[in-house]
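Since the structure comes first, as structure tokens, the remarks are kept for the end.
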Amino acid sequence: MRRAVAPLLALTVALVLADSAVVTLALPAILVHLQTSVGQVAWVLISFNLVLGLVAVPTALLYGRGQARYLSAAGIAVFAGASAWCAVAGSIDALIAARCVQAVGGALALLGCLELLVAVYGERRGVTTWITAGVVGTAVGPAAGGLLTQAFSWQAIFVVQVPCAVLAVPCALAVRAVPVHVPDRHRPAVRPNVALALLSAALTAALFLLVLLLVEGWRRSPATAALTVSVVPVAALAARPLARHLRPPDQVEVAVGCFLIAGGLVGLAILPSAELLWTIAPQALIGLGLGLAVDRLTSQAMLLRLPRVRHAGWSIGARHLGVVLGLAILTPVFTVNLYDAQVPAQEAITSLVLDAPLQPQDKVAVARALGDELTSQQGRIPDLHRAFATLDLDPAERPAAAQLERDLDAQLERAATRAFRDSFLIGAGLALLALVAVIAPRRRVTS
Amino acid sequence: MNRGPSLLALPAVAVILVGSVLGVQLAAGGASYAPLHPADPCAVRDVTSRAAGIDGLTERLVLLGLDGAACRLHVSREALTLELARPGPRSDAEVAALRAGLLSAVQRMKADGTLPPASAFVDQALDSSDLNDLLKIAIRALPDSVVDAALPTDDVLTRTIDDLDLRALLANLDDQRGLDQQLEAAVTQAVQDSLAARLHDLL
């Protein structure tokens, strides 16, 4: 039991922080299952991050007054119960409410696990384990959610969290953390927290928009998208050995991390085709940047600052409000761009149909079927295969029609990829702002 | 031996990595990966058709006519096609541009020698017509040179386009039967007028 305590507490930290983006790939399935709108389903993602960001600091105040193990056990239990509620939610309102409760329990659990891990491992190792678990959870979340959605259902994302969290409750109670009521000695670390918020907003572009591009724009399955975006956590794991090998100063490591994330997002903005392979290198840059910058910034925001739990609350608040900021900035931009992409996409489709090597009557039939399909899927990227499947073509015409379908799909992929470009570039801009926040000269204090 | 912190190694690695990734993507066309850009409708375009006979001629005429109309309206051929496919009334400018575009298409095909002689369409036209069988046999017996001299293709097409009620035709795009009837009536009238004009010239 004692051996399992710290790993299970670290797993709880990873689970709570994975929940920040775990539903990204499940949003289309939730939209269909709960018969809701795109605007409402986005709140499944936003509500968790908003509530977690807002309650993190007030929750930290509770830890100054109560026993860490009881508070964290209660938080983990609330998180487990709310996860179960999410899995059985029958309406979008119930799901959003459950996600809010999940975030409140998650905030209690996150801060409690920090105190308990420090009690088990000591200050430095405990904080490092807590930060690493958080980075891994954040990076793995979208991929894990996509795989579970594809293999089972969107509810499976929440079901698997319940036993893990339930097991962590006795672990939390088993740690005999000594409650140390430390006076408020240090002010919040503004610079690392601002940089964390900006980087989290930038990472939203990478983790949220990339999966949307893969699933909605390029019509890849959630499992394929999940496997593709798993490059980010793998590259994040490679960041630590690289930093150990090159031994840069902390500020340089953080600045380089921000630069790599910005570079990776620019790479996603200038993809030369809709081949998954092209996303690998930009994602690797983002993953490396994430591994270098986020855990170092979190360390700077917390390490040797007392009370520790309060500063952890500030860093959690900064990260999750950063995610909300990213969603608030990027969602309208890519929605408008997706809408604007309809005209060039329709013109490209028209051009290809007019010049297609088909008999005139077949061209007219294709044009009619495509027109019906485009009209019925207003606001979404259309699935042209249905239009071609309904056609009654002469067998001799089928190869030309199949080639036309491939060419039209390629045009849609081009239009969708182009529609996401501005959002990725804005994400890169946010990462560069984080870089500026890190390297901007400090104000001299004159006595 | 312990090494001290290296100030430049990690930034150098990062610059190389980012530079390489972005360089390769730009070299592979990342900056220009966008939907197909519509071609300039005023530029000369080669137009072909998989169909033979009247269908092939009609398709080539319509494609060239769309180019000409779009050029006159200062829009792309694709934008004009999408506009014409939408339900609703057509503006005078659109109808006039389409008629002028179709007439230009006839002249262009005549000039570049891609306008087939009328004799090439006689059999297909007679098959689908409701003329008396004896009359059909008589017309089929005529030498091609006589048919071509009596009915210059460009003259028939020009008369057809002039006679066509394009506004009504555009309003009936979804009604294939109505379209066929309207076209057949316009072509028949144009053939009669063309023949009358030839006779008038002879007399």
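The values are calculated or read from the model by the stated rules, or taken from the named source; none is laboratory data. Being a predicted model, the structure only gives us computed values, none of them experimental. Cβ coordinates were reconstructed from backbone atoms using ideal geometry, including for glycine residues, and neighbour counts include every protein chain displayed.
Taking (1) more than 17 Å from the chain's Cα centre (by Cα); (2) within 21 Å of A:Tyr63 (Cβ to Cβ) in turn, A:Gly134 satisfies each apart from (1). If only one of A:Val343, A:Val323, A:Val336 is of a type in the set (Val, Ile, Thr), buried (at least 19 other Cβ atoms within 10 Å of the Cβ) and part of a helix (DSSP H, G or I), which one is it? Result: A:Val323 is the single residue among A:Val343, A:Val323, A:Val336 that is of a type in the set (Val, Ile, Thr), buried (at least 19 other Cβ atoms within 10 Å of the Cβ) and part of a helix (DSSP H, G or I).
With respect to the conditions (1) buried (at least 22 other Cβ atoms within 10 Å of the Cβ); (2) more than 8 Å from chain B (Cβ to nearest Cβ); (3) not small (Gly, Ala, Ser), A:His245 falls short on a single one, namely (1).
Applying a threshold of 7 Å to beta carbon distances and a minimum spacing of six or more residues, or different chains, the list of pairs starting in the stretch B:139-152 at a residue that is closer than 19 Å to B:Gln192 by Cβ and ending at one that is part of a loop (DSSP other than H, G, I, E, B) reads B:Asp148/B:Pro117.
Please verify whether the stretch A:378-394 includes one or more residues that are polar (S, T, N, Q), in a loop (DSSP other than H, G, I, E, B) and surrounded by 15 or more Cβ atoms within 10 Å (Cβ to Cβ). Looking through the stretch A:378-394, none of the residues is polar (S, T, N, Q), in a loop (DSSP other than H, G, I, E, B) and surrounded by 15 or more Cβ atoms within 10 Å (Cβ to Cβ). For the residues A:Leu297, A:Leu265, A:Leu288, the requirement of being in a helix (DSSP H, G or I), surrounded by 24 or more Cβ atoms within 10 Å (Cβ to Cβ) and free of Cβ contacts under 8 Å to residues at least 60 places away in the same chain singles out A:Leu288.
What number of residues within the stretch B:20-47 satisfy the criterion of being surrounded by 20 or more Cβ atoms within 10 Å (Cβ to Cβ), over 19 Å from A:Ile261 (Cβ atoms) and at the interface with chain A (Cβ under 7 Å from one of its Cβ atoms)? Residues in the stretch B:20-47 being surrounded by 20 or more Cβ atoms within 10 Å (Cβ to Cβ), over 19 Å from A:Ile261 (Cβ atoms) and at the interface with chain A (Cβ under 7 Å from one of its Cβ atoms): 1 in total. Tell me, yes or no, whether the stretch A:29-48 has at least one residue that is of a type outside the set (A, V, I, L, M, F, W, C), crowded, with 24+ Cβ neighbours inside 10 Å, part of a helix (DSSP H, G or I) and in contact (Cβ under 8 Å) with a residue 24 or more places away in the chain. Scanning the stretch A:29-48 turns up no residue that is of a type outside the set (A, V, I, L, M, F, W, C), crowded, with 24+ Cβ neighbours inside 10 Å, part of a helix (DSSP H, G or I) and in contact (Cβ under 8 Å) with a residue 24 or more places away in the chain. So which of A:Val366, A:Val309 ends up being more than 30 Å from the chain's Cα centre (by Cα), in contact (Cβ under 8 Å) with a residue 24 or more places away in the chain and either in a helix (DSSP H, G or I) or more than 13 Å from chain B (Cβ to nearest Cβ) (or both)? Selected residue: A:Val366, the only one of A:Val366, A:Val309 that is more than 30 Å from the chain's Cα centre (by Cα), in contact (Cβ under 8 Å) with a residue 24 or more places away in the chain and either in a helix (DSSP H, G or I) or more than 13 Å from chain B (Cβ to nearest Cβ) (or both). In the stretch A:393-407, the condition of being charged (D, E, K, R), touching a His at 6+ places or on another chain (Cβ under 8 Å) and more than 10 Å from every other protein chain (Cβ to nearest Cβ) is met by at least one residue. Going by the structure shown, is A:Glu373 away from chain B (no Cβ under 13 Å), among the charged types (D, E, K, R) and assigned to a helix (DSSP H, G or I)? Criteria met by A:Glu373.
Matching residues to (1) more than 8 Å from chain A (Cβ to nearest Cβ); (2) at pLDDT 85 or above; (3) surrounded by 14 or more Cβ atoms within 10 Å (Cβ to Cβ):
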site: B:Met1; (1), (2), (3): yes, no, no
site: B:Ala9; (1), (2), (3): no, yes, yes
site: B:Ser49; (1), (2), (3): no, no, yes
site: B:Asp67; (1), (2), (3): yes, yes, yes
site: B:Ala79; (1), (2), (3): no, yes, yes
site: B:Ala85; (1), (2), (3): no, no, yes
site: B:Ala93; (1), (2), (3): yes, yes, no
site: B:Ala97; (1), (2), (3): yes, yes, yes
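For a quick check of your reading: which helices (runs of 4 or more DSSP H) sit entirely within the stretch B:3-100 and have at least 1 residues that are within 28 Å of B:Asp175 (Cβ to Cβ)?
On the way: elements: B:9-27, B:53-73, B:77-85.
In the stretch B:3-100, B:53-73, B:77-85 are the helices (runs of 4 or more DSSP H) which contain 1 or more residues that are within 28 Å of B:Asp175 (Cβ to Cβ).
From the residues in the stretch A:224-242 that are over 17 Å from A:Val294 (Cβ atoms) and buried (at least 24 other Cβ atoms within 10 Å of the Cβ), which one is farthest from the other protein chains (Cβ to nearest Cβ)? Spell out the reasoning first.
Restricting attention to the stretch A:224-242, the residues satisfying the condition of being over 17 Å from A:Val294 (Cβ atoms) are A:224-228, A:230.
Okay, now just the ones that are also buried (at least 24 other Cβ atoms within 10 Å of the Cβ), so A:225-226.
Values: A:Ala225: 19, A:Ala226: 23 Å.
Checking each candidate, the answer is A:Ala226.
The numbered conditions (1) facing chain A (nearest Cβ under 8 Å); (2) out of contact with any Gly (no Cβ under 8 Å at 6 or more places or on another chain); (3) not polar (S, T, N, Q) are all true for B:Leu17 except (2).
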